[in-house]
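This report concerns only the one structure given below.
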Amino acid sequence: MKDFLAEIGVDRFLAETPRALLARIENPLVVSQLGVIAAAGLIAFWAGARLRPALTRFASHRLPQHLAPGFLRVCASLLPPILWLAALGLAIAVGGALGQVLPFIGAASDLLLAWICIRVLSFAVKSPFASVAISLTAWSIAALSILGLLDPFVAQLKAHGLSFGDFRLSYLTIVEGVIDLVALLWLTTLLFQFLQRQIARSQSLTPSLQVLLTQLLKVFLPILAVAVALGAIGHLTELTVAFGALGLGVGLGLQRLVSNFFAGLTLLVGKTIKPGDIIAYKDSYGWVTAMGARYVTLRTRDGVEHLVPNDYFLENGVDNWSYSDVRLRLHVPVGIAYESDVRLAITLCEEAAKSVERVLDHPEPLCLLKGFGDSSIDLELRLWIEDPKNGTANVKSDVLLAVWDRFKLAGIKFPFPQRDVHIISGAA
């Protein structure tokens, strides 16, 4: 590291710069440049404050209501440094026409340009980590440019690198590749968000097809960004082989993740599950609120959201209550005492089911004799509903309450467990 700093001239710069600065401070041209920089800044902020009311009127009259606040926020942040940079650019142009070199004004222009770039990117990048990384990069480049170390630094990055047999990769190429990849991934993220909104708004696409297209874009766009970044670096064949080997190793460690992804695609292509479907899960049921690359979000009547891995449905099957028809048949067991009138009980059960609002008239409720139990005659009432997402237990409860009322009026007895006890007395 010490040799690298020496090669780009950092040690020489640290030794000579303090003396050079002390010598230049006494130069009237330097003092005048500092005065121009300060005056240009004051004028820029004064002009920015004066232009703000005009920009507010423009935004309120010419821009859509949802865009006006963002436009004003961007102008308030960028207008002063842009005006300041323009004033310094004018000063540099005037100095050049007079044959004067103005290095301090040029350095201030570089710093302002870095400031503007950071402000612009901060509006587009929401991640705090990414904002800090962009700020450090921009200020570092500006500082190296001002100190005259940028060109030597770039030359040394190009001269040094990593070698793998006949394949050599310079540090400059690595840095350029990382920057290209980050920029492309950011652009693909913006593109994905835009396309996702357009797909969600489309009325001609079914919910399952919307999810399928979204998942394909989520995978395809990053792969495209990586391929373009590798192509920009060069040596595409060697890098592809290297990243392919790395991807194989990562893929072996993420088999379950890959399995869930392709299971999700299988569910979507086969239209087995789609958002809004009502499906059974273990001892409960719920409706599908979202489908992702790794899991299906299933919300139950209790308000609990289960994140079920996609491959669970391929391994265990899917009980989809609304696959082709939203109607669902419920089974309500009813037991009566042996001394009761069975035919009357069957009729009363069917009448009770018909009296409940959510029970469908077609198909009609049907009550069947299922068997003769130890303590009761077992009946089963079968009825249909078309809104299972509103609950099934509440329908059964309403039906059983209606059965209770009718059995009470008709004298139909409910059974109790019965046991016969035989007492055997021994011989005297």
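Considered as a group, the residues in segment 331-342 that are surrounded by 15 or more Cβ atoms within 10 Å (Cβ to Cβ) and in contact with a Lys or Arg (Cβ under 9 Å, 6 or more places away or on another chain) include one that is nearest to residue 381 (Cα to Cα), and that residue is 332.
Let me confirm something: among 197, 119, 168, which residue is in contact with a Pro (Cβ under 8 Å, 6 or more places away or on another chain) and either farther than 30 Å from residue 67 by Cα or at pLDDT 70 or above (or both)? Testing whether each residue is in contact with a Pro (Cβ under 8 Å, 6 or more places away or on another chain) and either farther than 30 Å from residue 67 by Cα or at pLDDT 70 or above (or both) leaves just 119. Taking segment 381-412 as the range and being surrounded by fewer than 17 Cβ atoms within 10 Å (Cβ to Cβ) and either over 50 Å from the mean Cα position of the chain (by Cα) or over 27 Å from residue 287 (Cα atoms) (or both) as the test, the residues that pass are 401, 404, 405, 408, 409, 410, 411. In segment 263-296, the residue that is modelled with the highest pLDDT out of those that are more than 24 Å from residue 217 (Cβ to Cβ) and surrounded by fewer than 17 Cβ atoms within 10 Å (Cβ to Cβ) is 280. Going residue by residue through segment 210-219, is there one that turns out to be on the phi < 0 side of the Ramachandran plot and at pLDDT below 70? Looking through segment 210-219, at least one residue is on the phi < 0 side of the Ramachandran plot and at pLDDT below 70. Would you confirm whether any residue within segment 289-298 is aliphatic (A, V, I, L, M), part of a loop (DSSP other than H, G, I, E, B) and within 22 Å of residue 390 (Cα to Cα)? Among the residues of segment 289-298, not one is aliphatic (A, V, I, L, M), part of a loop (DSSP other than H, G, I, E, B) and within 22 Å of residue 390 (Cα to Cα), which makes the answer no. Would it be correct to say that residue 355 is surrounded by fewer than 17 Cβ atoms within 10 Å (Cβ to Cβ) and in contact (Cβ under 8 Å) with a residue 24 or more places away in the chain? Yes. Among the residues of segment 334-353, those identified as within 52 Å of the chain's Cα centre (by Cα) and in a helix (DSSP H, G or I) are 349, 350, 351, 352, 353. Filtering segment 293-334 to residues that are without any contact (Cβ under 8 Å) to a residue 40 or more places away in the chain and touching a helix residue (DSSP H, G or I) at 6+ places or on another chain (Cβ under 7 Å) leaves 294, 295, 296. Can you name the residue in segment 297-330 that is surrounded by 12 or more Cβ atoms within 10 Å (Cβ to Cβ) and among the polar types (S, T, N, Q) and is also modelled with the lowest pLDDT among such residues? Among them, the one singled out is 322. Only residues that are outside any strand (DSSP E or B) and closer than 30 Å to residue 350 by Cβ were counted across segment 302-333, and they come to 7. Screening residue 362 against (1) part of a loop (DSSP other than H, G, I, E, B); (2) surrounded by 15 or more Cβ atoms within 10 Å (Cβ to Cβ); (3) at pLDDT 80 or above leaves a single unmet condition, (2). Per the listing 44, 59, the residue uniquely in contact with a Pro (Cβ under 9 Å, 6 or more places away or on another chain), among the small types (Gly, Ala, Ser) and closer than 27 Å to residue 140 by Cβ is 44.
The values are calculated or read from the model by the stated rules, or taken from the named source; none is laboratory data. Remember, it's a predicted structure, so these values are computed and weren't measured experimentally. Note that each Cβ is placed from the backbone with ideal geometry, even for glycine, and that neighbours are counted across all protein chains shown.
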